[in-house]
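As structure tokens, the structure follows; a few thoughts come after it.
The values are calculated or read from the model by the stated rules, or taken from the named source; none is laboratory data. Remember, it's a predicted structure, so these values are computed and weren't measured experimentally. Quick reminder, even Gly has a Cβ in these numbers, built from the backbone with ideal geometry, and neighbours come from all protein chains shown. What goes into the accessible areas is simple: the full protein's heavy atoms, side chains included, and nothing from ligands, DNA or RNA. Shrake-Rupley method; radii C 1.70, N 1.55, O 1.52, S 1.80 Å.
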Amino acid sequence: MYQNFKEKSPLSSAREGNRGIRKHNEIFAGPFTLALGGGGARGLAHIGVLRALESEGIFPSLIAGSSMGAIIGAMYSQLRDSSRVEELIEGLLHRDCFSDLRLDLMPENSQPESHRSRKHLVDYLRRGIYFSRVARRAGAIDNSILVHFLSRLLKDEDIRETSIPFAAVAVSLATGEEVVLDQGPIIRAAAASSAIPGVITPVEISGEQLIDGSVLQVVPVAAAKSLSKYPVLAVDVSKDIAREAPPKTGLDVLIRADLIANRRLNQRALTAADVVLNPEVGLADWSDFRFIDMLIAAGRDAARSFLRQSMLKPRLLQVEEKSVRKQVERRFQNLQAADRHHTGCDTAYALRTPFGT
């Protein structure tokens, strides 16, 4: 049903023979594997990356996804159509099956300092409800709600029946090892890969309790390399914690420390990829699905930038231009400010009662 994958050291697995420069079109001269990382709403940028590749007639020979990357990857592996993926997701954003997920339950701290005091109180109250739920069961939200949501996006079939070979990456609670799901029901596999610890209850597959694959690797590069001998194009949509406001409470410090450790592990893992794309989505919260158009555009622009390169280094290609970064930052900040003005204040959105209680 699945294969356990023990991670090798990214430092030892890096291919010494590939330190030279390779023309970018050689990456796509033959089959390649696409590794899509987690990041909540930021993972919508994967749609833009797929669209840019698709417009050039480029399709991966295999997709490995973790968390949101598993959801987008699973959809694309069935549909081979990025526009259809976007259409399905956008159609569900305002439906009950999406709001039931309560993805705003534990928002990342990204508000400007002028809004921090009010938002801090709201977050504190919401976290109190969250932790009271987690203290009594394996997660604040039952995984059946996530499975129901995914059933509206994915065809209920075995992973081996997808148009493009696909694998979802999760983590075993029992062994702490990465689990690569490349066969079995695709909906449950995507749910297991997206079961955020403490938020979504673990998903059982073949007797194993599985949680979000991003716990070990935000971008499943090692898993992708274990599944295929072909070059790996990785897409990293991680939060840019360097531009976060300083933590205010002990809980904030704990969350920040976890993010730092997770980021360092991710950076090391990415060194094993042949190419890494970094769409400009680092300012978006993981629950900012309101910005779907901008997030998709950021992924598309990053992929187009990559495709325009005449030469690239196969280790890490950071598709980052300072002028573009500043423009994106301003656009995100303006949209967030407009959203706060439209709702009256930031708390108008944040004070929605969790769990419908």
> When the stretch 255-286 is examined, which residues are found to be more than 13 Å from the chain's Cα centre (by Cα) and either at positive phi or β-branched (V, I, T) (or both)?
Replying inline: I255, I260, T271, V275, V276
> Which residues, counting only those in the stretch 28-38, are in contact (Cβ under 8 Å) with a residue 60 or more places away in the chain and either closer than 15 Å to L62 by Cα or open to solvent by 10 Å² or more (accessible area, probe 1.4 Å) (or both)?
Replying inline: G30, P31, F32, T33, L34, A35, L36, G37
>> What's the number of the only condition in (1) part of a helix (DSSP H, G or I); (2) open to solvent by 80 Å² or more (accessible area, probe 1.4 Å); (3) charged (D, E, K, R); (4) modelled with pLDDT under 90 that R325 fails to meet?
In response: (2)
> Does the stretch 160-167 contain at least one residue that is in a helix (DSSP H, G or I) and at pLDDT 95 or above?
Replying inline: yes
> Among (1) open to solvent by 30 Å² or more (accessible area, probe 1.4 Å); (2) modelled with pLDDT of 95 or more; (3) closer than 15 Å to L150 by Cβ, which single condition is R84 missing?
Replying inline: (3)
> Are any residues in the stretch 234-250 among the β-branched types (V, I, T) and crowded, with 21+ Cβ neighbours inside 10 Å, and if so, which ones?
Replying inline: V235, V237
>> For the structure I just gave you, tell me whether V221 is within 20 Å of A35 (Cα to Cα) and buried (at least 21 other Cβ atoms within 10 Å of the Cβ).
In response: yes
> If we only count strands (runs of 3 or more DSSP E) wholly inside the stretch 188-239, which ones have 2 or more residues that are closer than 29 Å to L53 by Cα and in contact with an Asp or Glu (Cβ under 7 Å, 6 or more places away or on another chain)?
Replying inline: 232-235
> Given the structure, is L259 at pLDDT below 80 and in contact with a Phe, Trp or Tyr (Cβ under 9 Å, 6 or more places away or on another chain)?
Replying inline: no
